[in-house]
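Report on one structure; see the data block that follows.
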Amino acid sequence: MTEAVTPLRQGSGTGLAAACLLGPAAVLLIAFYAIPFLRMITESLAPANAGAGWMGMSVEHFERLASSGRVQRAFTRTLRISGWATLITLVISFPLALYLVRAGRTIRTAFLIALFVSLASSLIVRNYGWLVTLADAGPVNRLLIALGFLNAPLRMVYSEGATIVALVHYAIPFMTLPIFAALLRIPSSLSDSAASLGAAPWRVIRDVIWPLAMPGVFGGVVLTFALSMSAFVTPLMLGSPATAMISQVAAEQFLVQLAFPFGSAIVVALVLITFLIVVVFTLIVRKVFRAQV
């Protein structure tokens, strides 16, 4: 009798512990994400004229979104900037994470502290740092002129390139740490075995390490892409009206035009497009790399 009841009690305790651990996060997500997002969906379906539409709903704001050249260009620009930022961040972060795994404890600790300090620093302060660094009279232009690569300062700020650079700087910890965690779980004996069989270092990375690190790569890519797609402060400070991302267009509708339904439609479309891209990327990773993500 006791043996039959004990597993049930253990299961109940585990469920209670899980509820206690997940409960606060679930409450925060529901209160500050799910409910506001549902409110935006309702707002985006509100007809311009009260009582119009089927059951008080209308898709006219989404039709306006689809026919707006400015919004379409902003979406295309946002996808382009986010794609480049994610790719560059991956190219930088994967070798960095691989180096950290193989480095000594002192060097690894120093690098990890630097990454966490970067996460803790203000985004606005970092963007101002890039404004100074990439300015016409900044150190990058002065160095290029001193080396003879330029005869006059090159305009770097208030451009897509400056936005990408700042997004990469911001996203490196979000890409490096998941990859680093995935690499730590790979037994070093696998790389040693491949090398002892004659595989070159680049083949060990391509055929052994890269596929096994794919869960970390997937997590880092999704985080970086989502952060880049929703970026607002960075393109606002380092971009220009000609390089506005979709978050800036939505903010303009909310704060300047006071067109809340149309702004809500833009935000809903942004979330759905980002979600669709992540789903497609997930299917590709599962199909090509056979990774459990």
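What the table shows:
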{"item": "Efficiency of FRET between VAL288 and ILE35 - r from beta-carbon atoms, R0 51 angstrom, step 0.05", "result": "0.85"}
{"item": "Net dipole in debye of the chain [+1 Lys, Arg Cβ; -1 Asp, Glu Cβ; about Cα centre; nearest 20]", "result": "600 debye"}
{"item": "Kyte-Doolittle mean at least 0.5, axial Cα span of 30 Å or more - DSSP H helices of the chain", "result": "2-29, 69-102, 160-184, 260-288"}
{"item": "Gain in span if fully extended, VAL91 to CYS20, counting 0.36 nm per residue against the direct Cα distance", "result": "21.7 nm"}
{"item": "Selection from PHE254, VAL217, ILE205 lying farthest towards where the dipole of region 69-288 points positive, charges on Cβ", "result": "ILE205"}
{"item": "Ellipsoid semi-axes in whole angstrom, largest first, where each is sqrt(5λ) of the Cα gyration tensor of the chain", "result": "37, 34, 18"}
{"item": "The chain: calculated mean residue ellipticity at 222 nm from DSSP helix runs of at least 4, using -39500 (n - 2.57)", "result": "-24000 deg cm²/dmol"}
{"item": "Cα gyration tensor shape of region 154-201, rounded if a/c is under 1.5, else prolate or oblate by comparing a/b with b/c", "result": "oblate"}
{"item": "Inter-centroid distance (Cα atoms) of region 207-277 relative to region 111-169, Å", "result": "21 Å"}
{"item": "Cα-projected label distance for ALA48 with THR109, points at 7 Å along beta-carbon direction, nm", "result": "6.4 nm"}
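Taken together, the values in this text are just the output of simple stated rules run on the coordinates, not laboratory data. Here the structure is a predicted model, which is why all the values come from computation and not from measurement. With ideal geometry, Cβ positions are generated from the backbone for all residues, glycine too; neighbour counts draw on all protein chains shown.
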